[in-house]
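Here, each number is a calculation from the coordinates, and none is a lab measurement. The structure displayed is predicted, hence computed values, not measured ones. Note that each Cβ is placed from the backbone with ideal geometry, even for glycine, and that neighbours are counted across all protein chains shown.
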Amino acid sequence: MKCSDFLKELSDYLDNTMDAKTKADLEEHLQWCHNCYVVCNTTKSTIEIYRGTEVYELPDELRGRLHSAIISKCECHKKTGDAAPAKTEAASNTKSGK
Amino acid sequence: METIEKNVAEAPSEETLLVNAARGGDIASFEKLVKRYDRNVFRIAQHITQNREDAEDVVQDAFLKAYQNLGQFQGQSKFYTWLVRIAVNEALMRLRRRRPERMISLDEDVKTEEDSMPREVADWSPNPEQQYSQSELKDILGKTIQGLPAGFRTVFVLRDVEGLSTEETAAALELSVPAVKSRLLRARLQLRERLNKYFKRRDGEFRP
């Protein structure tokens, strides 16, 4: 197996979505190819770090304002079939709070 | 992440009841769906648009659109996947509006395979993220993912950050499964390459 073949299969290997034979071939390659071993480990870390870190949190205060805006638009739509009036009001409320 | 997985994997029957009630006009049920998924929608929107104000608008408009179109939701996919599709479309629309000079499409196959080939192979420290404070780490991750083409960024966020399956990601983005897989691999490799400079092991050296 060449390194480029290993790389093609890397995502499936990390997600463990491959047949046993392919997996065994990849692991055999990993035993002697240090570069692929490092790329595999650091790619795995990349995923884990992104998965474990909330890069963009929704603060409670903003969350509350967004909820009110969404619900008032839905109520307006339910009554009139249109969300336009509530949209303007809700949008300005949301932005004025920043 | 635990919260997301729990949300997405929750018993479908309860969610179906909420969706059906909301479809019948019960706003309280719809509000429960909003509370269940608003953080996810906000995160996806912020990752795609890279703009806080746009992300707030996307959250509002995506939920409103979902409410208005619940009648068209067939229940063949999960409600969350359907909602993500609406949110991604809203987010891309705003991104295009803000950066009209660059055509942004999920179909674009931006770069060649070579761009994802590892150029630098260096071991990382055992717990690389612990070299940085939480806010420094968020800053590094945000800046790094921002540099990816929108199509790659979106696939990575749905698959690896939000925990959707390959099939669900394909359905939400209206892409084929092989297209999702190809973008995901390239996104992962490109992010890895870009994170090298922060996380690689520097024996005896101070980090920059």
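What do you get for Rg/Rh over segment B:13-98 if you use C-alpha atoms and the Kirkwood form of Rh?
On the way: Rg = 12.7 Å, Rh = 12.9 Å.
Over the Cα atoms of segment B:13-98, Rg/Rh equals 0.98.
For peptide A:62-74, what's the mean number of Cβ atoms from other chains within 10 Å of each residue's Cβ?
Numbers: counts 6, 6, 0, 2, 10, 7, 0, 6, 13, 8, 1, 6, 11.
If you average over the peptide's residues, the count of other-chain Cβ atoms is 6.
How many Cβ atoms of partner chains, on average, are near each residue of B:122-134 if near means within 10 Å of its Cβ? All intermediate terms of the calculation are to be shown ahead of the outcome.
Details: counts 3, 5, 6, 1, 1, 2, 5, 6, 0, 0, 0, 0, 2.
Per residue, the average neighbour count from other chains is 2.
Set the Förster distance to 25 Å, then compute FRET efficiency between B:ALA122 and A:GLU48 from the Cβ-Cβ distance, nearest 0.05. Intermediate results must be reported in sequence, preceding the final value.
Values: r = 18 Å, r/R0 = 0.70.
That pair, B:ALA122 with A:GLU48, gives E of 0.90.
As a test of the definition: which semi-axes, in Å, follow for segment B:128-206 when you take the square root of five times each eigenvalue of its alpha carbon gyration tensor? Largest first, please. Numbers along the way, then the final one.
Numbers: eigenvalues 161, 30, 20 Å².
Largest first, segment B:128-206 gives 28, 12, 10 Å.
May I ask you to order B:57-66, A:39-48 by the average number of other C-beta atoms within 10 Å around their residues, highest value first?
Values: B:57-66: 24.6, A:39-48: 20.0.
Ranking, from highest mean packing down: B:57-66, A:39-48.
Return the subset of A:LYS44/B:LYS138; B:LYS32/B:LYS138; A:LYS78/B:LYS65 for which the Cα-Cα distance in this structure is over 24 Å, preserving the input order. List each step's numbers first, then the result.
Numbers: A:LYS44/B:LYS138 18 Å; B:LYS32/B:LYS138 29 Å; A:LYS78/B:LYS65 12 Å.
Beyond 24 Å between Cα atoms: B:LYS32/B:LYS138.
Can you order the peptides A:59-66, B:156-163 by their average number of other Cβ atoms within 10 Å per residue, highest first? Before the final figure, lay out the partial values.
Values: A:59-66: 14.6, B:156-163: 23.8.
For the peptides A:59-66, B:156-163, the packing ranking is B:156-163, A:59-66.
For segment A:1-52, would you read off the P(r) tail past 12 Å as a percentage of all alpha carbon pairs? All intermediate terms of the calculation are to be shown ahead of the outcome.
Values: 833 of 1326 pairs.
Result: 63 percent of Cα pairs exceed 12 Å.
Give me the inter-chain shielding for B:182-190: mean count of other chain Cβ atoms within 10 Å, whole number please. Before the final figure, lay out the partial values.
Values: counts 2, 1, 4, 8, 1, 2, 8, 7, 1.
What the average comes to for B:182-190 is 4.
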